[in-house]
Amino acid sequence: MMHYPIPDHFFFNMSTSDILTVYDEIMQVSHQMLRAAQCKDWESLTMLESICAGYILQIQAIDHNVKLSTQEVDLKMQYLRQILADDREIRQLLEPWMETVMTLMRTGR
């Protein structure tokens, strides 16, 4: 899937509150992704990954232009820590499944 850069001016009206809302949305989607992985619902996980990728494109386009207060930076870091924790758990859940898929591909079954 090709990603096209979003021009900076596309999000020029976003406030610090708006950017923190996007980080919160990413965190919420990462929670949903973790639940999907826990349920081995790979189709939902894939769909949620696409949604998350859209939010990340927004962040990449605007994050460097938004000045956050110390409290806002702390909140952003809280979101990022939770997103990374969810990602770590998702990867741990995916590894056995990926090994099974790779084995099946090697044996042709």
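Since every read-out is calculated from the coordinates, none of them should be taken as a lab result. Keep in mind that this is a model prediction, so the values were computed, not measured. Every residue, glycine as well, gets a Cβ built from its backbone with ideal geometry; the counts of neighbours run over all protein chains shown.
Label-to-label distance, residue 17 versus residue 80, with points set 7 angstrom from Cα along the beta-carbon direction: 2.4 nm. Residue separation of residue 99 and residue 50 scaled by 0.36 nm, minus their Cα-Cα distance, works out to 15.3 nm of gained length. Counting only alpha carbon atoms, the long axis of helix 16-38 and the longest principal axis of the chain meet at about 10°. For the chain, dividing the convex hull volume of the Cα atoms by the residue count gives 110 Å³ per residue. Peptides 21-28, 76-83 ranked from most to least packed, by the mean per-residue count of other Cβ atoms within 10 Å: 21-28, 76-83.
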